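The values are calculated or read from the model by the stated rules, or taken from the named source; none is laboratory data. Here the structure is a predicted model, which is why all the values come from computation and not from measurement. Note that we place each Cβ from the backbone using ideal geometry, even for glycine, and neighbour counts take in every protein chain shown.
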Amino acid sequence: MVENYRYQYFIDEEGNWFCDGQAVEDRELAAFLSRCLVERGGSYLVACEGEVHPVTVADAPLVVRHIHRQVGAGGGLEQVEIELGDGRREMLDGETLEISPQHILYCRATDQGLRARFCRPAYYELMRHLEMEGKFERFYVAIGGRRYVIKPTREESVERRDFKDA
């Protein structure tokens, strides 16, 4: 056994975990790793069991797999709960919705406010409720009677690297 060995983790665009180049196929282990994920100084780490290991992220460290909608009598959204790839569920913070030039939707999730990328089914389900405002073509989603403008993404602080470099 090598003392102080540091595993090299990688999360791909779809939220799949890899350890030292090998896919983490155990879903419970991948969910555990996701729940141990922290961001410190613009870098991602897995901090658990007294150990800290670096994580390279291809896009966003979390993935929104599903949304669970509560629709009112008039057909409008009353609440939206997101379900993350690791099974955690929480209310969508509409203030954090962003979209990239490639039409990839993101929000912030967890108590840490980690970036989460919507997978296609979750994206399309939420976009069914997309509305346009005014002549400037600002898009928004109304949830609970409040309009949440979907802002363009800002410069990414996470360095994108090829998996081979991780």
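Per-structure values
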{"item": "Given (1) under 30 Å from Lys151 (Cβ atoms); (2) surrounded by fewer than 19 Cβ atoms within 10 Å (Cβ to Cβ); (3) touching a Lys or Arg at 6+ places or on another chain (Cβ under 9 Å), number of the condition Gln70 does not satisfy", "result": "(3)"}
{"item": "Residues located in region 108-157, provided they are touching a residue at least 60 places away in the same chain (Cβ under 8 Å) and assigned to a strand (DSSP E or B)", "result": "Leu114, Arg117, Val141, Ala142, Ile143"}
{"item": "Cβ-Cβ under 6 Å pairs, at least 6 apart or on other chains, region 18-42 side within 17 Å of Pro54 (Cβ to Cβ), far side of a type in the set (A, V, I, L, M) and surrounded by fewer than 11 Cβ atoms within 10 Å (Cβ to Cβ)", "result": "none"}
{"item": "Any hit, region 77-95, residues being out of contact with any His (no Cβ under 9 Å at 6 or more places or on another chain), modelled with pLDDT under 95 and of a type outside the set (Gly, Ala, Ser)", "result": "yes"}
{"item": "Complete set of residues in region 137-166 that are among the basic types (Lys, Arg) and modelled with pLDDT of 50 or more", "result": "Arg138, Arg146, Arg147, Lys151, Arg154"}
{"item": "Hits in region 38-58 - residues which are within 12 Å of the chain's Cα centre (by Cα) and either surrounded by fewer than 19 Cβ atoms within 10 Å (Cβ to Cβ) or within 15 Å of Thr110 (Cα to Cα) (or both)", "result": "none"}
